[in-house]
Protein chains: 2
Amino acid sequence: MSEERKISMAVIRRLPRYYRYLGELIDNDISRISSRELSERMKVTASQIRQDLNNFGGFGQQGYGYNVEYLHAEIGKILGLDKTHKMIIVGAGNLGQALANYQSFEKRGFKLIGIFDVNPRLIGMTIRGIEVYDIDVMEKFVKEQEVDIAMLTMPKENVRETANNLAEWGIKGLWNFSPVDLYLPKHVQVENVHLSHGLMTLAYKIKDQSLTENEED
Amino acid sequence: MSEERKISMAVIRRLPRYYRYLGELIDNDISRISSRELSERMKVTASQIRQDLNNFGGFGQQGYGYNVEYLHAEIGKILGLDKTHKMIIVGAGNLGQALANYQSFEKRGFKLIGIFDVNPRLIGMTIRGIEVYDIDVMEKFVKEQEVDIAMLTMPKENVRETANNLAEWGIKGLWNFSPVDLYLPKHVQVENVHLSHGLMTLAYKIKDQSLTENEED
């Protein structure tokens with residue numbers, strides 16, 4: 001039986017941001033912080049911070065604040081960042097290459113071990129020392145290396161078939177960048193990223209802002 | 001005075017997904033759809049769909065369903081996609097190049113008109129016919145072209161200064177990919193994208209899933 005209570009996904013989705021801010025505090029040699037100070041930095045109310053962190057038993061002490069390093073490590077454990085995740089990228093185009101170059105993933109235990117593509121011009125090249133392999137050897141690789149996560153940065157047309165194959169080969173998580181929502185068997189977790197959604201939301205905010213300005217005229 | 005009621009950001013953030021699904025229906029020559037059918041496709045409850053779309057006066061008719069093209073156009077208008085947004089990219093590295101190649105942005109009225117970098121090896125190259133300029137000419141460009149949106153795909157170190165400059169030069173929105181949260185004057189809207197957050201959330205889901213499996217043993 002797990003000791004952790006079930007936490008809402010809304011809280012979970014806020015944890016990476018805490019984790020990132022706490023990591024920055026550590027980099028700046030700040031060893032403790034009050035919820036008020038953290039609130040000012042993160043532009044979140046102090047009560048929201050206390051509520052969120054109380055989900056995990058609360059790490060703060062009255063009049064002392066939070067122990068930054070401890071809190072950072074605990075949130076890391078909750079997110080599963082205390083273990084190493086073996087990762088591959090499927091699709092070595094621009095986005096795949098960009099993601100292959102993100103060194104911050106490595107720092108958080110996400111270890112990129114292979115990149116796959118169908119394009120003969122890309123196969124054999126290396127990015128940060130990681131090779132681009134022919135997609136034909138992906139099944140063998142995923143099974144032998146027990147890959148945990150695949151980032152899907154391939155064309156939309158083949159993404160469903162690839163995702164189903166990866167699920168069958170034992171992958172645990174898919175980070176999907178193609179503009180298609182994937183739904184898979186329950187043993188495979190999926191994060192669908194839709195970059196264009198952010199851009200559309202930004203367009204709304206811009207429009208809304210101009211509406212407000214007009215209203216104020 | 002605006003005719004539109006104030007809509008919660010939670011609803012707004014769901015609209016791009018409706019917009020995308022409705023766009024796919026149009027591509028497949030489907031001209032009307034019931035909330036039940038849309039619900040099955042989008043894996044959202046039909047009542048959520050009705051509630052969300054009721055925010056805009058409700059476009060559905062009892063027993064007829066939604067007029068796909070009309071609904072798509074209306075949501076587009078709400079998001080501000082019926083107008084053209086002039087866009088630049090600041091940072092022509094891997095991610096900047098990847099985003100420059102997203103043709104779906106163009107389809108939604110986001111028109112990339114320039115890319116900027118400090119790297120002499122990148123300056124002068126073109127991506128889909130769009131030139132990479134020296135960042136030194138960015139001020140003149142942004143003011144003369146009345147650029148609406150800048151995508152920030154540059155190193156973290158300079159992003160705050162660049163963002164402040166762009167705000168001063170009249171930019172309306174920033175789409176920020178650097179791992180720093182930007183806060184700007186109210187007339188500049190910001191969408192901060194933190195790719196690593198999605199990966200951390202995925203790690204949590206994987207861990208949570210294994211916990212559940214263990215509990216079932």
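The values are calculated or read from the model by the stated rules, or taken from the named source; none is laboratory data. No experiment lies behind these values; they were computed from the predicted model shown. A quick note on method: Cβ atoms are made from the backbone with ideal geometry, for glycine too, and the neighbour counts reach across all protein chains shown.
Only one of these conditions is not met by A:Tyr70: (1) of a type outside the set (S, T, N, Q); (2) assigned by TED's automatic domain parsing to the domain that holds A:Ile33; (3) surrounded by 14 or more Cβ atoms within 10 Å (Cβ to Cβ). Which number is it?
For A:Tyr70, the exception is condition (3).
In segment B:98-126, what residues are in contact with a helix residue (DSSP H, G or I) (Cβ under 9 Å, 6 or more places away or on another chain), closer than 20 Å to B:His85 by Cα and more than 9 Å from every other protein chain (Cβ to nearest Cβ)?
B:Lys107, B:Lys111, B:Leu112, B:Ile113, B:Gly114, B:Ile115, B:Phe116 - these are the residues of segment B:98-126 that are in contact with a helix residue (DSSP H, G or I) (Cβ under 9 Å, 6 or more places away or on another chain), closer than 20 Å to B:His85 by Cα and more than 9 Å from every other protein chain (Cβ to nearest Cβ).
Every residue in segment B:170-187 that is surrounded by fewer than 23 Cβ atoms within 10 Å (Cβ to Cβ) and of a type in the set (Lys, Arg), please.
Passing the criteria: only B:Lys186.
Using the structure shown, decide if A:Tyr66 is under 28 Å from A:Leu38 (Cα atoms), away from every other protein chain (no Cβ under 14 Å) and of a type outside the set (A, V, I, L, M).
Details: under 28 Å from A:Leu38 (Cα atoms): yes; away from every other protein chain (no Cβ under 14 Å): yes; of a type outside the set (A, V, I, L, M): yes.
In short, yes.
Looking only at segment A:188-205, how many residues end up being at the interface with another protein chain (Cβ under 7 Å from one of its Cβ atoms) and farther than 17 Å from B:His194 by Cα?
Adding up the residues that qualify gives 4.
Checking the structure you have, find out if any residue of segment A:72-79 is among the aliphatic types (A, V, I, L, M), within 12 Å of chain B (Cβ to nearest Cβ) and touching a Pro at 6+ places or on another chain (Cβ under 8 Å).
Within segment A:72-79, the first condition is being among the aliphatic types (A, V, I, L, M), and the residues that meet it are A:73, A:75, A:78-79.
Among the residues that remain, those that are also within 12 Å of chain B (Cβ to nearest Cβ) are: A:75, A:78-79.
With touching a Pro at 6+ places or on another chain (Cβ under 8 Å) added as a condition, the list becomes A:79.
Yes: segment A:72-79 contains one or more residues that are among the aliphatic types (A, V, I, L, M), within 12 Å of chain B (Cβ to nearest Cβ) and touching a Pro at 6+ places or on another chain (Cβ under 8 Å).
Taking only segment B:1-23 into account, find how many residues are within 12 Å of chain A (Cβ to nearest Cβ), over 16 Å from the mean Cα position of the chain (by Cα) and either surrounded by 15 or more Cβ atoms within 10 Å (Cβ to Cβ) or modelled with pLDDT of 95 or more (or both).
1
Test A:Lys143 against the stated conditions and say whether it is within 20 Å of B:Gln209 (Cβ to Cβ) and more than 12 Å from chain B (Cβ to nearest Cβ).
Numbers: within 20 Å of B:Gln209 (Cβ to Cβ): yes; more than 12 Å from chain B (Cβ to nearest Cβ): yes.
Spelling it out, A:Lys143 is indeed within 20 Å of B:Gln209 (Cβ to Cβ) and more than 12 Å from chain B (Cβ to nearest Cβ).
Taking the condition within 12 Å of chain B (Cβ to nearest Cβ), of a type outside the set (Asp, Glu) and farther than 25 Å from B:Lys207 by Cα, does A:Gly129 pass?
Here the answer is no, as A:Gly129 does not meet what is asked.
Quick one: which residue in A:Lys77, A:Lys86 is basic (Lys, Arg), closer than 27 Å to A:Gly170 by Cα and surrounded by 15 or more Cβ atoms within 10 Å (Cβ to Cβ)? I'd like the intermediate steps shown before the answer.
Details: A:Lys77 fails: surrounded by 15 or more Cβ atoms within 10 Å (Cβ to Cβ).
When all the criteria are applied, what remains is A:Lys86.
Specify the residue that is nearest to the chain's Cα centre (by Cα); the eligible residues are those in segment A:107-142 that are surrounded by 13 or more Cβ atoms within 10 Å (Cβ to Cβ) and of a type in the set (D, E, K, R).
A:Arg108
Here are the criteria: (1) surrounded by 14 or more Cβ atoms within 10 Å (Cβ to Cβ); (2) closer than 18 Å to A:Gln145 by Cβ. Tell me which single one A:Ala98 does not satisfy.
(2)
If you take the residues of segment B:146-187 that are acidic (Asp, Glu) and under 22 Å from B:Gly109 (Cβ atoms), which of them is farthest from the other protein chains (Cβ to nearest Cβ)? Give the steps one after another, and end with the answer.
Keep residues of segment B:146-187 that are acidic (Asp, Glu), which gives B:146, B:148, B:157, B:161, B:168, B:181.
Filter again for under 22 Å from B:Gly109 (Cβ atoms), leaving B:146, B:148.
Details: B:Glu146: 13, B:Asp148: 7 Å.
So the residue we want is B:Glu146.
If I filter segment A:127-140 for residues that are at positive phi and without any contact (Cβ under 8 Å) to a residue 60 or more places away in the chain, do I get at least one hit?
Here is the first cut: in segment A:127-140, the ones at positive phi are A:128-129.
Then drop every residue that is not without any contact (Cβ under 8 Å) to a residue 60 or more places away in the chain, which leaves A:128-129.
Scanning segment A:127-140 turns up at least one residue that is at positive phi and without any contact (Cβ under 8 Å) to a residue 60 or more places away in the chain.
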